Amino acid sequence: MEFFTTEKVSPSTTKIVDITGVAVFLVEGRERAALIDTATGAGDLRSFVEGLTSKPLDVILTHGHCDHAGGAAGFERVWLHKADWELACSRGGMEHKMDYARYITGKELTAQDFAPDRAGDYLPLEPGQRFDLGGLTLEAVHLPGHTQGMTCVLNVEERTILFGDGCNPSVFLWEEESSSVEDYRAELLRLKEQEHRWDTVWLSHGPTQIDKAILDGVIGVCDEIIAGTNDWQPFDFMGRPLRIAKRVENYVRADGGLGNIVYNPENIFASR
């Protein structure tokens, strides 16, 4: 079974897509390399990455969900925001990885197809932390919302940023670890203050690149939710009967706009 495919998406960066369609990004400088996320853990990601680079490697996890942190056990130096350490343990285990892969692929993978659960500690990923790869600098940009530890990764010199699950066409804010819509909106406005630092936005699911106007689009959806003027349409994920703010057709917004949010109607406003 072929678990990974690759695509060169910038002079420094190779996109690696696992069998479930989630993307991780290998960034190489002159001296070091960094792997952003580890996908679901299906397949031997470490061996695959070692076939692409021999440089010393750090792993940066955007957040603790199993489709991004599932392969972390294969690597020594793994950085993750402390707010998601417990989440990575509770939601990144074998059962969650297998359930997710089954839902996405329709295939019955076994535990032997996955990296084991991570036993070691993570290194604390701090907001603003920089990774000098030699001629390239990656910077951690904290964006609480999807999870409390959610972190975007900015490639300073190439002016690209991985929003990942933090700000995308279907932001998930419905889980216990998610922020209220109001708190999330405040974080998006703080992120917008740095918008001059990037030209290109990358995602972890679906197409690699999206218009940087996605940030304004998701802020606008937050405004509609808070005002009570959104569409509030049915949405299914892994058998859960959820709701999405803006009506979709074939997984895109019916009105042609950018950005959407699946949210908890009981968690719209910040606690006072």
Would you confirm, using the coordinates I've provided, whether Pro127 is open to solvent by 50 Å² or more (accessible area, probe 1.4 Å) and either touching a helix residue (DSSP H, G or I) at 6+ places or on another chain (Cβ under 6 Å) or not in a helix (DSSP H, G or I) (or both)?
yes
Checking Val59, Val49 in turn, the sole residue that is outside any loop (DSSP other than H, G, I, E, B), out of contact with any Phe, Trp or Tyr (no Cβ under 6 Å at 6 or more places or on another chain) and within 16 Å of Trp79 (Cβ to Cβ) turns out to be Val49
In the set Glu157, Glu95, Glu139, Glu108, the lone residue that is without any contact (Cβ under 8 Å) to a residue 24 or more places away in the chain and either among the hydrophobic types (A, V, I, L, M, F, W, C) or surrounded by 15 or more Cβ atoms within 10 Å (Cβ to Cβ) (or both) is Glu139
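For Val27, are the conditions met, namely being in contact with a Leu (Cβ under 7 Å, 6 or more places away or on another chain), assigned to a strand (DSSP E or B), among the aliphatic types (A, V, I, L, M) and open to solvent by less than 50 Å² (accessible area, probe 1.4 Å)?
Numbers: in contact with a Leu (Cβ under 7 Å, 6 or more places away or on another chain): yes; assigned to a strand (DSSP E or B): yes; among the aliphatic types (A, V, I, L, M): yes; open to solvent by less than 50 Å² (accessible area, probe 1.4 Å): yes.
Spelling it out, Val27 is indeed in contact with a Leu (Cβ under 7 Å, 6 or more places away or on another chain), assigned to a strand (DSSP E or B), among the aliphatic types (A, V, I, L, M) and open to solvent by less than 50 Å² (accessible area, probe 1.4 Å).
Conditions (1) surrounded by fewer than 21 Cβ atoms within 10 Å (Cβ to Cβ); (2) free of Cβ contacts under 8 Å to residues at least 60 places away in the same chain; (3) touching a Phe, Trp or Tyr at 6+ places or on another chain (Cβ under 9 Å), marked per residue:
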{"residue": "Met1", "(1), (2), (3)": "yes, no, no"}
{"residue": "Thr6", "(1), (2), (3)": "yes, yes, yes"}
{"residue": "Val9", "(1), (2), (3)": "yes, no, yes"}
{"residue": "Ser12", "(1), (2), (3)": "no, no, no"}
{"residue": "Val17", "(1), (2), (3)": "yes, yes, yes"}
{"residue": "Ala23", "(1), (2), (3)": "no, no, yes"}
{"residue": "Glu31", "(1), (2), (3)": "yes, no, no"}
{"residue": "Ile36", "(1), (2), (3)": "no, no, yes"}
Conditions (1) surrounded by 10 or more Cβ atoms within 10 Å (Cβ to Cβ); (2) of a type outside the set (A, V, I, L, M); (3) under 23 Å from the mean Cα position of the chain (by Cα) -> Asn250 fails only (1)
Would you please list the contacts, defined by Cβ atoms under 9 Å and residues six or more apart or on different chains, that run from a residue in the range 250-263 that is touching a residue at least 12 places away in the same chain (Cβ under 8 Å) and over 19 Å from Gly164 (Cβ atoms) to a residue that is charged (D, E, K, R) and open to solvent by less than 40 Å² (accessible area, probe 1.4 Å)?
Arg253/Lys246; Gly257/Lys246
For Phe25, work out the one condition from (1) over 24 Å from Ser179 (Cβ atoms); (2) modelled with pLDDT under 95; (3) not aliphatic (A, V, I, L, M) it doesn't fulfil.
(2)
Condition check for Thr62: touching a helix residue (DSSP H, G or I) at 6+ places or on another chain (Cβ under 8 Å) and at pLDDT 95 or above
yes
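Does any residue of the range 163-177 turn out to be open to solvent by 60 Å² or more (accessible area, probe 1.4 Å), farther than 21 Å from Asp67 by Cβ and not β-branched (Val, Ile, Thr)?
First pass over the range 163-177, keeping only residues open to solvent by 60 Å² or more (accessible area, probe 1.4 Å): 176.
Now restrict to residues that are farther than 21 Å from Asp67 by Cβ: none.
No, the range 163-177 contains no residue that is open to solvent by 60 Å² or more (accessible area, probe 1.4 Å), farther than 21 Å from Asp67 by Cβ and not β-branched (Val, Ile, Thr).
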Listed residues Phe48, Phe3, Phe25; which is under 17 Å from the mean Cα position of the chain (by Cα) and of a type in the set (Phe, Trp, Tyr)?
Phe25
Scanning the range 217-247 residue by residue, those among the hydrophobic types (A, V, I, L, M, F, W, C) and under 19 Å from Ile104 (Cα atoms) turn out to be Phe235, Phe237, Met238, Leu242
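The values are calculated or read from the model by the stated rules, or taken from the named source; none is laboratory data. What you see is a predicted model, and the numbers here were worked out from it, not measured in a lab. Every residue, glycine as well, gets a Cβ built from its backbone with ideal geometry; the counts of neighbours run over all protein chains shown. What goes into the accessible areas is simple: the full protein's heavy atoms, side chains included, and nothing from ligands, DNA or RNA. Shrake-Rupley method; radii C 1.70, N 1.55, O 1.52, S 1.80 Å.
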